[in-house]
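Here the structure is laid out as structure tokens; the discussion comes afterwards.
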Amino acid sequence: GGGGTVYFGPGTWDLIANDQPGVDVREGIIIPDGVRLRGAGSSLTRVDRHPQWSERVPATAFTLVGHTVVSGFRFRDLQVYQPRDSAGPFIQLGEDFQRVAATPTATVVAVVSEVTITGNIFDKTFVAVADRGLPLNRLFITDNTFGAFHSALELGGNRFNMTYPFRID
């Protein structure tokens with residue numbers, strides 16, 4: 001299996017164009033199972049999602065597949081949201097359940113397990129953390145500050161997912 005830590009040093013990291021190689025237009029940067037994201041601290045490492053990121057469709061910044069820790073960031077949306085706007089979450093838990101269900105089981109993670117989101121600031125994000133309909137197992141969200149335009153946490157599952165019924169264990 002994979003693994004390791006991707007360290008973001010002090011400074012501002014810009015998410016501008018989601019049509020780059022390796023980025024999914026809807027699910028953003030998909031973080032493989034076992035890979036951790038670590039910033040230098042929420043006062044030192046900032047990730048800015050520019051309005052262009054969601055220009056075509058409401059796009060997630062990071063999709064976590066499982067067995068990961070996200071810590072030490074200030075996540076910030078630069079778009080000034082209006083009441084009728086829509087945007088993807090900054091952090092999405094699991095890939096889209098419909099795509100997962102259509103993928104051969106040998107390469108798919110159908111349960112999002114062992115995710116810790118800690119020590120971050122969500123600064124004017126549309127939605128901070130949301131699921132995509134897959135079951136969640138051992139989710140820890142601790143010591144974060146949420147300043148979301150729409151909502152901090154959206155963990156409602158998807159009523160149309162009959163293949164992997166949503167639950168939080």
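The values are calculated or read from the model by the stated rules, or taken from the named source; none is laboratory data. Given the structure is predicted, the values throughout are model-derived calculations rather than measurements. Here the Cβ positions follow ideal geometry from the backbone for every residue, glycine too, while neighbour counts run over all protein chains shown. What goes into the accessible areas is simple: the full protein's heavy atoms, side chains included, and nothing from ligands, DNA or RNA. Shrake-Rupley method; radii C 1.70, N 1.55, O 1.52, S 1.80 Å.
Of all the C-alpha pairs in the chain, what % are more than 30 Å from each other? Please list the in-between numbers first.
Values: 1476 of 14196 pairs.
Of the Cα pairs, 10 percent sit more than 30 Å apart.
Spin-label model, L44 to V57: label points 7 Å out along the Cα-to-beta-carbon direction sit 3.7 nm apart. Taking T68, T12, T60 in turn, the Gaussian network model of the chain (Cα-Cα springs below 10 Å) assigns the largest fluctuation to T12.
Counting only helical runs of four or more DSSP H residues, what would the 222 nm mean residue ellipticity of the chain come to if each run contributes -39,500 (n - 2.57) and the total is spread over all its residues? It would help to have the intermediate numbers written out before the result.
Working: 1 runs with 5 residues, N = 169.
Counting only the DSSP helices, I get -500 deg cm²/dmol.
Note on the chain: GNM, Cα springs under 10 Å; of G94, G66, G156, the largest mean-square fluctuation is that of G156.
Taking the charge dipole of the range 11-104 about its Cα centre, with +1 at Lys and Arg Cβ atoms and -1 at Asp and Glu Cβ atoms, the residue from V47, S71, G88 reaching farthest to the positive side is S71.
With every protein chain present, what is the per residue accessible area of the chain (1.4 Å probe, Å²)?
Values: 8480 Å² over 169 residues.
Spelled out: the 1.4 Å probe surface of the chain, per residue, equals 50 Å².
How large, in percent, is the carbon and sulfur part of the accessible surface of the chain at a probe radius of 1.4 Å?
On the way: 4440 of 8480 Å².
Carbon and sulfur: 52 percent of the exposed surface of the chain.
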